[in-house]
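Participant: After the structure tokens below, expect a handful of questions from me.
The values are calculated or read from the model by the stated rules, or taken from the named source; none is laboratory data. Worth saying up front: this structure is predicted, and the values here are computed from it rather than measured. So basically every Cβ, Gly included, is an ideal-geometry build from the backbone, and we count neighbours across all protein chains shown. To get the accessible areas, we keep the full protein, side chains included, count just its heavy atoms, and leave off ligands, DNA and RNA. Shrake-Rupley method; radii C 1.70, N 1.55, O 1.52, S 1.80 Å.
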Amino acid sequence: MIFVQSDDFNISQIANSGQCFRISEQSNSEWEVIAFGKTLKIRSANENDNNCYIFECNEKEYEEVWRDYFDMQRDYGEIKAKIKAIGDNYLINAVNFGYGMRILNQDLWEVIVSFIISQQNNIPRIKGIIKRLCAPYNSRFPSPNELVKYSEEDLVKIGLGYRARYVHNIAIAVVEGQLSFQKLKSLSYEDAVSYLKTFDGIGKKVANCIALFGLRKLEAFPIDVWINRILQNQYNGEFDVGLFPGYAGIVQQYMFYYERYRNTGTISYNNIS
């Protein structure tokens with residue numbers, strides 16, 4: 001078991017951030033994480049402290065998989081201090097509210113498929129679709145060669161709707177070499193987004209989500225319904241992402257989480273200044 005205690009890590013906030021669809025809350029104090037063909041149980045180590053957790057894995061697995069997956073090597077405290085130093089009250093509140101947010105380093109292929117599925121969809125439904133998609137593989141995410149065997153009709157039956165064609169075509173593109181992961185990983189942020197947008201079913205928002213969550217391009221700033229609402233209501237449509245060089249995507253996650261949950265009363269607020 002690995003003990004994790006940090007003011008910059010909260011598994012509930014990460015699980016509800018919309019960046020990943022394979023973290024599920026099993027109870028008020030336990031979560032299940034599925035990534036890279038492995039399953040991790042995380043549980044609260046102290047019911048009175050939201051920042052103390054036990055990872056049910058050995059040190060070798062933690063170092064080889066979960067440390068990088070949860071981006072534990074990055075100093076989020078320093079990033080939060082930089083954001084607050086700008087003096088923007090909305091962002092200060094967003095950082096305080098989502099204090100334990102981190103950008104996950106996920107499998108690129110899983111991210112591509114997941115965010116194609118996410119279009120015009122809600123998080124519970126996306127999770128259900130992905131769970132059904134992975135069920136024949138003992139919860140492991142199907143590879144492009146496995147997924148290409150599904151017909152569009154098969155994908156419609158598990159809930160993809162009109163997105164079935166996009167997922168079917170992207171699997172074919174990978175198998176036939178039209179979409180190269182190696183090439184994609186070698187491109188700059190701008191070029192990666194442009195390359196992704198050449199494929200059916202990948203627009204600007206999905207391409208930016210893939211860049212941020214699958215390619216570690218932290219300068220990516222996906223604009224969905226929630227972020228667009230913030231930009232219009234708080235910034236009159238003018239928000240300078242250039243103020244956050246190399247970490248605009250982290251800012252985006254604080255903003256999304258704050259706007260999505262601040263009025264629900266279900267997520268704990270941390271008043272660190």
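Participant: With the requirement that a residue be modelled with pLDDT of 95 or more and open to solvent by less than 40 Å² (accessible area, probe 1.4 Å), what does region 190-202 give you?
Facilitator: Within region 190-202, A192, V193, Y195, L196, F199, I202 meet the criteria.
Participant: Sticking with this one: Which one of the conditions (1) part of a helix (DSSP H, G or I); (2) among the aliphatic types (A, V, I, L, M); (3) under 19 Å from N105 (Cβ atoms) does A81 fail to meet, given that it meets all the rest?
Facilitator: Evaluating A81 over (1) part of a helix (DSSP H, G or I); (2) among the aliphatic types (A, V, I, L, M); (3) under 19 Å from N105 (Cβ atoms) leaves (3) as the failure.
Participant: Follow-up. Name the helices (runs of 4 or more DSSP H) wholly inside region 100-159 in which the number of residues that are crowded, with 17+ Cβ neighbours inside 10 Å is 3 or more.
Facilitator: 108-117, 123-134
Participant: Also: If I go through region 94-123 residue by residue, how many of them are farther than 27 Å from V148 by Cβ and either of a type in the set (D, E, K, R) or touching a helix residue (DSSP H, G or I) at 6+ places or on another chain (Cβ under 8 Å) (or both)?
Facilitator: Total satisfying the criteria: 9.
This table checks each residue for (1) open to solvent by less than 20 Å² (accessible area, probe 1.4 Å); (2) of a type in the set (S, T, N, Q); (3) within 20 Å of F141 (Cβ to Cβ); (4) in contact with a strand residue (DSSP E or B) (Cβ under 9 Å, 6 or more places away or on another chain).
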position: A164; (1), (2), (3), (4): yes, no, yes, no
position: G214; (1), (2), (3), (4): yes, no, yes, no
position: I223; (1), (2), (3), (4): no, no, no, no
position: Q234; (1), (2), (3), (4): no, yes, no, no
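Participant: Could you count how many residues in region 41-65 are part of a helix (DSSP H, G or I) and touching a residue at least 40 places away in the same chain (Cβ under 8 Å)?
Facilitator: Here the count works out to 2.
Participant: Of the numbered conditions (1) in contact (Cβ under 8 Å) with a residue 12 or more places away in the chain; (2) under 20 Å from P144 (Cα atoms); (3) in a helix (DSSP H, G or I), V251 satisfies every one except a single condition; which is it?
Facilitator: Condition not satisfied by V251: (2).
Participant: I'm trying to understand the selection: among the residues of region 193-237, which are in contact with an Asp or Glu (Cβ under 7 Å, 6 or more places away or on another chain) and either within 17 Å of I112 (Cα to Cα) or not aliphatic (A, V, I, L, M) (or both)?
Facilitator: Hits for region 193-237 are K205, W226, R229.
Participant: Hey, could you check region 1-55 for residues that are surrounded by 15 or more Cβ atoms within 10 Å (Cβ to Cβ) and among the acidic types (D, E) and say which is farthest from M72 (Cα to Cα)?
Facilitator: Top of the filtered list is E30.
Participant: Within region 88-99, which residues are hydroxyl-bearing (S, T, Y) and surrounded by fewer than 17 Cβ atoms within 10 Å (Cβ to Cβ)?
Facilitator: Answer for region 88-99, where residues must be hydroxyl-bearing (S, T, Y) and surrounded by fewer than 17 Cβ atoms within 10 Å (Cβ to Cβ): just Y90.
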